[in-house]
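Structure first, commentary second.
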Amino acid sequence: MNLIRSAPAVVYALAAALAAMHAPVSIGAESPWIEGRHYELIEPAVATRVAPGKVEVVEVFSFACPACNQFEPIMEQIKAALPPEAQVVYVPASWNAAESWPLFQRAFHVAQVLGIEGRTHAAMYEAIWKSGELAVIDPITRRHATPQPTMGLIARFFARTAEVTQQAVLDAAKSLEVDLKMMESDQLVKAYGVGGTPTLIVAGKYRINNSSVRSVAELTDLVLHLVERN
């Protein structure tokens, strides 16, 4: 897919805004959120994968996406603000093979299959962008790291971080279950019409335009509006 990799300028601005306190936008009877400007309708709507009565909030992301790394604390703030009926789901993108996005998509689904996603999600960003244990970009040259990370390195990282064996990680990485989950993620990214990461999708119906909001508070309120609208 010929897609925009990420939207760093917008996300960096939101990340900076995270450091400040913001009063929430009053949604009220006349919502400030406009279809076609702040969000787009997904047609046809995509079936969600949450229990009846729940509203799915998807983040399309990649661990190797620098904007997604900046967005991760923002996503945590949004999650904390969501009502009980909302459920966050992560869908990993794979289109940037040069920076190991397919590898990290596989790693995400391995963690899902092994039941360790909660312990590895934030830690993966740390290992790629802070400690450099799984770096995809050389911090000095700012070019692609050589060599790129491998599943062997990820297995060692998961074993230390989430108390699983390296062999369990490697076996899951080669499983049909993980292959099918990767195929499903690619199909979802296409069905959502995602052109960059990170992108938020609400209820399989609404794709949020990050560039249309000016702060973390506005983005949070937009997500809440779409959750309530569903």
Subject >> Any helices (runs of 4 or more DSSP H) falling wholly within the stretch 118-225 and containing at least 1 residues that are within 19 Å of the chain's Cα centre (by Cα) >> reply: 151-162, 176-192
**OP:** Please name all residue pairs, on different chains or six or more residues apart, with Cβ atoms under 7 Å, provided the first residue is in the stretch 115-138 and is more than 9 Å from Phe63 (Cβ to Cβ) and the second residue is among the aromatic types (Phe, Trp, Tyr).
**Re:** Ile116/Phe158; Thr120/Phe158; Glu133/Phe157
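Being exposed (fewer than 15 other Cβ atoms within 10 Å of the Cβ), in contact (Cβ under 8 Å) with a residue 60 or more places away in the chain and over 18 Å from Asn96 (Cβ atoms) narrows it down to one of Glu177, Glu218, Glu163, so name that one.
On the way: Glu218 fails: exposed (fewer than 15 other Cβ atoms within 10 Å of the Cβ); Glu163 fails: in contact (Cβ under 8 Å) with a residue 60 or more places away in the chain.
Result of the check over Glu177, Glu218, Glu163: Glu177.
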**OP:** Those residues that are of a type in the set (Asp, Glu), over 17 Å from the mean Cα position of the chain (by Cα) and at pLDDT 95 or above, I need them from the stretch 1-60; list them, please.
**Re:** Glu35, Glu40, Glu43
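The values are calculated or read from the model by the stated rules, or taken from the named source; none is laboratory data. Since the model is a prediction, treat every value here as computed from it, not as a measurement. Methodologically, a virtual Cβ is constructed for each residue, glycine included, from the backbone with ideal geometry; neighbour enumeration extends over all protein chains shown.
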